[in-house]
Structure formats: C-alpha cells, structure tokens
Amino acid sequence: MSHLSSPPKKLKGEHKGHGLPRGSERGSSSRDKDRSATVNSSVSMPAGGKGSRPSCPPVTPQKAPNRLINEKSPYLLQHAYNPVDWYPWGQEAFDKARKENKPIFLSVGYSTCHWCHMMEEESFQNEEIGRVDKVFMTFVQATSSGGGWPMNVWLTPNLQPFVGGTYFPPEDGLTRVGFRTVLMRIRDQWKQNKNTLLENSQRVTTALLARSEISMGDRQLPPSAATMNTRCFQQLDEGYDEEYGGFAEAPKFPTPVILNFLFSYWLTHRLTQDGSRAQQMALHTLKMMANGGIRDHVGQGFHRYSTDRQWHVPHFEKMLYDQAQLAVAYSQAFQISGDEFYSEVAKGILQYVSRSLNHRSGGFYSAEDADSPPERGSRPKEGAFYVWTVKEIQQLLPDLVHGATEPLTSGQLLMKHYGLTEAGNISPSQDPNGELQGQNVLTVRYSLELTAARFGLDVEAVRTLLTTGLEKLFQARKHRPKPHLDSKMLAAWNGLMVSGFAVTGAVLGIDKLINYATNCAKFLKRHMFDVASGRLKRTCYAGNGGTVEHSNPPCWGFLEDYTFVVRGLLDLYEASQESSWLEWALRLQDTQDRLFWDSRGGGYFCSEAELGSGLPLRLKDDQDGAEPSANSVSAHNLLRLHGFTGHKDWMDKCVCLLTAFSERMRRVPVALPEMVRALSAHQQTLKQIVICGDPQAKDTKALLQCVHSTFVPNKVLILADGDPSSFLSRQLPFLSTLRRLEDRATAYVCENQACSMPITEPCELRKLLHQ
C-alpha cells in the first residue's frame, strides 16, 4: 500500500538517484519520457489478464499479441506480446474501468529504459503476474522515495492516483516489495477499504495542488537578479567536486543547465574571484566528463550518466537531449577558453548524432539503448556494445610502434592511455549482475604529453596512433549487434537539436552543421506542424522505407515542444540569417501563449487545458534538470523575441513569468539555474547587435563570425540588409536609420534604445562586446 511521507528534498542540480541500482532511469526530468502510457484496467487479478492464476502457469508462453500491437510507440510495441490485458492510455480504458469499477494500473516508460526492460521481462511477461507522466510523476515523487522510470501508478476510475512507485522486482526482496505482493494488497484493499483509499487519494491530490501552485500572488516584480545569482553560485560551489568536477558523489549526470549558468555568471563577474571560480568549475567539469567513460571515445557522443564519482563507468544509454545540450556547452567552452579540446568534443557529439540518430527526413531519433547482445542470438547485456577486453585490443592493434624506448604495440599504447587492464577496469560494485567481468570502459588516464613521455615518443605521433587505433576499434564495433534504437522523434528534442547544430555551426564557422539544423527545422515544419490550427505535434515515428508516421489521433505538443522549437528557430535565424525561421518562431510563440499561458497567475502550464481536463493536476514545471524547464526557456525566448520585434506584450509576459516563479527561485535558486540566467538577462537588458551589409559579402561575414565566436549570451543578432520591406525592418523601424559606413559592412551594438558608434573592424567589435 502507499505510505505518505514528507516531500522529497530538493537536491542540487537534478535528481541524484542515490540508492538505486545501476542503470536506474532516475536523473532525467519527468518531461523526457515517451508520453505513450500503457494501462491495465483489470488489476483485480494478478496482471496475467483474464483467467490467469498464480498457481497455474501455462505450459507454453502466450504468443498472440494484445491490443498494443496496433500502436506506433516503440515502448508500447515492446509490450505487445505481454500476457497482460493492456490498453493504450485513452478513453477506452477509462470507460472500462468506470463500468467495471476497477482501478487502473498505469505504466509509463520509454523504449531504451534499462529498468523498464527489467520490469517487463520479470513481471509483465510472467504468466503468474501476468501527457500524463508529469502529473503522476509528481504524485510518485511526493509519496515515495523519489521518481524515475518505469513509473507505475494505480489510479481510481476517475484518474485519481492512490499508489505509486518505480521499478518493482517480481517477488519480495530484502529492500523492495515485490510486484506480486503490491498487486495482491491493492486488490484486497480495493475490495475491503475502497473508501479509505479514495479519501487518501483526495487528500494527497489536494496537498499536491497546494504545493504545486505557482502564481504571482500579490507580488508585482521578480526578485533581485544579483541576489539570486549569488545564492545559486554559492549553492553550486558548496556541492562542487574539486577533483573530478560535477556536483555530486555518485551517480553523476551531465548538467548543461548548471554549466550554462556558471558561464553566464563568469561573464558578469569575470573580474572577481567568484567569477574565475565559476569558469574553472564549468571548464574542469566539461574536461573531466570528456576524458571519462561517460563519453564514447570510439563512436563519440555521451552516455546518460556516470555510476561513479570519476565519470568512469556510465549507464550506457545515449539520449538525444544530452547530445544537443552538451554540444552547445562545449561550443561555449571553446568560445570562452579558445581551447580546441572543447571544439573537438562538440564536433564529435554532432558527428555521432548525424551518423547514428538522423532520419532521412531531417529529424532525429530519441535514444539508443544501454543494452545489446554481446553476440547475435545471446541475451542482451548492459554496455555490451561499448566495452572491450585486453585480448580484443591486442588482436585488433598488433603493430609495433617504432621509436619507442621499449617494445610496444599500438594496442599496448592505447590500453595504457585509456586505462585498460587484463582483469577489466570495472569494479564489481558497479557490476551487480556480473555482466561486465573482464571488460573495460575506455577513459583517458593520462595526458598526451605524459603518455608520449612514458614511451619516449613525440606527442603528435601518439595523437596519430591513438586516433588510428580508435578508428580500427570503431570499424570492428560495427560488426557487433547494435543497441536498440528508439525511432520515436519528439518535437521538443528536435528543437534542442536545431539549437545544438545551429549554435555549434555558428561558433565554429562550419556551414555543414548549420545545414543539419536547417534540415531539422524543415522536418519540424513538414511533419510536426499542423498548418490549419498552428499547433505542433508532439511525436512522430520512423516508418517503412524512410517514411514518417503519426499516431491516430495525433499526439499534440506540450509546452516544452513549443519552447524548445522556438529557441531552436531563434538560434537558427542567428546562425543562418534566414528570416523565415524567425517569422515561424513568432507564430509558434503566439500559439504557445494562446494554449498554455496562465492569465491569472502568470507563467505557462505544461499542457493544454482541454488535453489535461481529465487529470487531477495542471502543472507548471519548476525545475531545471536533465533539460531546462519549459518556463525557464520561455523566459529567454520572450526576451529575445522582444529584442527582435520590440513587442511590449512579450516583455510583459516575461516579467509576469519571472514574478510567478519568484518564490521558487528565492527558496532554491539552484533548482532553477536557467531561470536565474533569464532573470539576469532581463535585469541587465539584452544587446541588439545589428550588422548592416550584404549577407554574401566577405566583410559582412567577418563581422557576423566575430559575434558568433564571442561569448555574449544576452543578445540578439540582427542582419539589416538595407531592404525597408524586410520582415525585421517592419518589426524594428529604427533599423532604417542605421547606415553602412563608407559602403562597408557596419556593426552597431544597441541597448536601451541607444546604439553605439558604427564599427567596421571585427577586432573593434570584439572589444566592444567584451565590455
């Protein structure tokens, strides 16, 4: 039965997942899972469906599919052959539950979730047992030890939650109640004490409504940005790992929202000790992550999180939203430091995404699984695709290295540099199932200089040997069974990916990357946008022959789909100077305001009113975690859109939003670092950087590249080509007053309706931007 406990403590950064088995899907935000949920409205029996009996398992496994076989979602299709009377989340299941007066068992997950696989295999395939996640995850987090996936919740026929949890083993253990026990207790309590269950459910829901209320109230203005910045930085500083970077002991997650905050904090405090400290914390964390096993040194890209403090042994799943945000973070690190180490990591991330997650339509898939068979026909194991034995390396890289001070093969050089050992470099404590014995995760143990000195070799020679060795490992890995690909495509995560390619392409001056961003934006407009209603669709799927398929009826977008796509389009406009993307961003923002804005309390709800009408809560997300919260990104978007158009309504909405979240920021600013950044941008005012010139001319491109290569987060970049009828000229009449100097491309930096003197030299523009 459920037990009421005090609400979980707010932790620094995101959920840390302490005490969970390795591979648990904690640490992701509740927005990043497949919204396709599965429902079983026949919980009065153990979950084997009609007629199943715990003492009488059938002789042969059931092969006939259930009704999920007709769904598009990869997660639902994975459950299509369970011996469970599953329904997809929808009215049919609700009607059946109400007609038969039975509770609903809701299970939410996604197709590359390790512990979702475990529970399906142990419980949902066991003949003896046989838009919603944000709302119900809030219930799970409030009434149990935390949240994660799979998320399993029992609901009344009126969709009120009364019991919730994450992973349940099939049988009782020392620390966890088994799924069979939970089912039997719920069945008994539903029969004997249903009124008590309903009363408890109502009390919890009422408490959650009060706790989740985010509103301006009597406040007129948001809090001081200087105060919130200082408190957020101090909280991060207290939790920082001096040796390995990051902000927890273990597990450790990539936290781009925190790194973005630290970079912005550095910019406004760069002459102070705290400013230098913020920069060092962010750069050191990014370097340690890139050297660790959380990064795939063979195929590039980053795994979901590290199970240890050292960033060594990861949970091997790869998520699209991590790649998108980390590409931007490493690009910013390059802008700030000038160290090409960071730019190479950023390029590697996008190389992985374009190679492994790109659909021919221009969209990007959601994730790659952590599990795969070590060899064809064998049982999947976590990390099997990514780990190596010493014997494999020796066989693949037997060539002698000439010029070394001792006999040395290229394999021995690579093993020394990346810390491989005969016994394997994975601790048994990190391998509870014994699946990784004798295996190694590549993690950089020494600098190139130290490895070169150890064997008396030239640094560049070592670099070449390691690069060649990794390429041979990459080619050999192609012959292994690949992890499962989640072929679902989400508007929100593709919006993040537009930003990832656009920002990195602009910073590094690589047009090919900007082209990927453009193709993804075209994909979103072609496949995820309903012209008639102006609404975004949430999800589509890879079909046969490279086609794109949608569920019927379509799943309409959530707030995050609009906010992340709008941000991506703004980034793409600045990278490409194609005003059509800016125009579409304005239209989507109008739709977002219409569908999600809380005109009474300020800020945006996560879901449309009509789509969430049957749910007990309509929430506003209040934490920047694995992804930034949609309201935090919206605050930035509104500021930028005001800078691009001068429309006062968007500035007013931004102020209302920041005011509505005032109490959350005051209480735990470290939970909303992206919103604290937006608060600072608002109170410091954005720069309007205007380049007057021919888009194809070299001098115009030189000024644009100067802006792109400089870290100036609180700005909008505008190209004024001299056409008074252009979209931006109509939005911002003052652009017509700005002239080219001596017929050369000319830059102006404008703040508070006042512009700088004209600038024609990139070096002079850079000096001004650094002020």
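Worth a mention:
- In this rough spin-label picture, where each label sits 7 Å from Cα along the Cβ direction, the Asp237-Leu271 distance is 1.9 nm.
- Total formal charge among the other residues, if their Cβ is under 15 angstrom from that of Asn70, Lys/Arg +1 and Asp/Glu -1: -2
- Cα→Cβ-extended label distance, 7 Å offset, between Lys416 and Lys698, nm: 4.7
- Sorting the segments 404-417, 531-544 by their residues' average number of neighbouring beta-carbon atoms within 10 angstrom, most packed first, yields 404-417, 531-544.
- Theoretical FRET efficiency, 1/(1+(r/R0)^6), r = Cβ-Cβ of Asn752 and Glu471, R0 56 Å, to 0.05: 0.60
- P(r) tail fraction, the stretch 211-301 - alpha-carbon pairs more than 17 Å apart, %: 57
- With all protein chains kept in place, the per residue accessible area of the stretch 462-560 amounts to 39 square angstrom at a probe of 1.4 angstrom.
- Taking only the Cα atoms of the stretch 655-771, the ratio Rg/Rh comes out at 1.07, with Rh defined as the Kirkwood radius.
- Overall dimensions of the stretch 364-455 by Cα: Rg and Dmax, Å: 15.7, 48
- Between Arg185 and Glu249, the contour length at 0.36 nm per residue exceeds the alpha carbon distance by 19.4 nm.
- Along each principal axis, Cα extent of the stretch 454-578, largest first, Å: 67, 38, 24
- Paramagnetic reach from Gln684 in the stretch 239-270 [backbone N under 19 Å; point 7 Å along Cα→Cβ]: 256-270
- Between Thr737 and Gln91, the FRET efficiency estimated from the beta carbon spacing at R0 = 45 angstrom works out to 0.20.
- Of every Cα-Cα pair in the stretch 412-454, the percent that sits beyond 15 Å: 45
The values are calculated or read from the model by the stated rules, or taken from the named source; none is laboratory data. Small disclaimer: the values here were computed from a predicted structure and weren't measured. Every residue, glycine among them, receives a Cβ derived from its backbone with ideal geometry; neighbour counts consider all protein chains shown. For the accessible areas, the whole protein counts, side chains as well, though only heavy atoms, and no ligand, DNA or RNA atoms are used. Shrake-Rupley method; radii C 1.70, N 1.55, O 1.52, S 1.80 Å.
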